[in-house]
Amino acid sequence: MSRRPGFGNQTPIALLLAGPALAGLFLFYLIPFLTALLLAFTNLRLGSPLPVTFVGLTQFRRIFTDPDFLHAVANTLTFAAAVVPLQTLLALGLALLVNRGLRGTVIFRTLFFMPVVFPMSLVAVVWILIYAPGPGGMMNAGIDLLTGGWWTARDFLRDPLLALPSIMLLSIWQGTGFQMVILLAGLQGIPESLYEAAALDGAGAWQCFRHVTLPQLRRPIAFVMFVTTILAFRLFDQVQIMTRGGPDNATTTVMYETVQAVFARQQVSRASAMTVVFFVLVLGVTWIQRRLSHRGQEAS
């Protein structure tokens, strides 16, 4: 095959353009991870005397026999299993609503996306006020109004059964706007001719959604679920600000336990082992998502 005139070997130019991104990836991701992987096999502590001793798989055996860490893993998986599908479904519903072209669409789109712009620290403080205990708390008062006075005021963030769901609700509210914008862009990219052809075949609204909209949105939905899964596994800010892992470890996560191991207990090697486990956990979940997405595309 002959080369196009005016185009030579573009590999050096491509490497030059990709150089800054590759350097950042190498310096800020690959090197820190490899360092954590090496430290996970040692007994390093902050302030401990040198030299550091190689202890093999000791740190991994310790964390997998630690009930607090296992509970944190369970909380992280529970959080992701609840937030990812609920947030995706809510974002899809809002995207479909905004895409209808009703009056005030721009205002609603701005309102739905606005929580994404706010920093999580600010959002968490606001929701602490919303979850204030007692009848005067906004959430308690609202539920009491909706239930006609049947609701008994609860302390959401100090109740072991309600603390994690309360953080889930905050996270869904704060992140849905981002997923909505991605799905809205996907909806606006669907050719109108597909809907016209479906209408000519006698398809109703549900048939159009099932056989036209969803297949065309498969890639945007997969991307949204992938990003949401990673963010869900990185849950830390809300826990640190709102509950500090309590009550009774009801809201501890892998990220929270890792940070506590470093800054509270100065166990660098233990935190490194948790980081490696966290990486493998996220990699496994995203690989499963990718396999399921490919199977869905092959089935369609």
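Here are the numbers for this structure:
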quantity	calculated
Filter result for the condition that a residue is closer than 23 Å to residue 77 by Cα, of a type in the set (A, V, I, L, M) and without any contact (Cβ under 8 Å) to a residue 40 or more places away in the chain, over 273, 250, 232, 261	261
Single residue of 81, 74, 40, 141 found to be out of contact with any strand residue (DSSP E or B) (no Cβ under 6 Å at 6 or more places or on another chain) and buried (at least 17 other Cβ atoms within 10 Å of the Cβ)	40
Matching residues in segment 87-113 - criterion: being under 15 Å from residue 175 (Cα atoms) and either under 18 Å from the mean Cα position of the chain (by Cα) or without any contact (Cβ under 8 Å) to a residue 24 or more places away in the chain (or both)	87, 88, 89, 90, 91, 92, 93, 110, 111, 112, 113
Matching option when the condition is buried (at least 20 other Cβ atoms within 10 Å of the Cβ), at negative phi, of a type outside the set (A, V, I, L, M, F, W, C) and not in a loop (DSSP other than H, G, I, E, B), among 176, 110	176
Yes/no for residue 196 being more than 21 Å from the chain's Cα centre (by Cα) and either part of a helix (DSSP H, G or I) or surrounded by 17 or more Cβ atoms within 10 Å (Cβ to Cβ) (or both)	yes
Qualifying positions in segment 16-33 - closer than 30 Å to residue 62 by Cβ and either at pLDDT below 90 or in contact with a helix residue (DSSP H, G or I) (Cβ under 8 Å, 6 or more places away or on another chain) (or both)	28, 29, 30, 32, 33
Only listed residue being touching a strand residue (DSSP E or B) at 6+ places or on another chain (Cβ under 9 Å), touching a residue at least 12 places away in the same chain (Cβ under 8 Å) and closer than 30 Å to residue 58 by Cα, chosen from 268, 282	268
Pairs, first under 24 Å from residue 224 (Cα atoms) in segment 185-205, second at pLDDT below 90, C-beta under 7 Å, six or more apart	187/99; 188/99
Any hit, segment 146-157, residues being part of a helix (DSSP H, G or I) and in contact (Cβ under 8 Å) with a residue 60 or more places away in the chain	yes
Search result, residues across segment 113-138 that are closer than 30 Å to residue 190 by Cα and surrounded by 15 or more Cβ atoms within 10 Å (Cβ to Cβ)	113, 115, 116
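The values are calculated or read from the model by the stated rules, or taken from the named source; none is laboratory data. Everything numeric in this text was worked out from a predicted model, so none of it was measured. Positions of Cβ are generated from backbone atoms using ideal geometry, with glycine treated the same way; all protein chains shown enter the neighbour counts.
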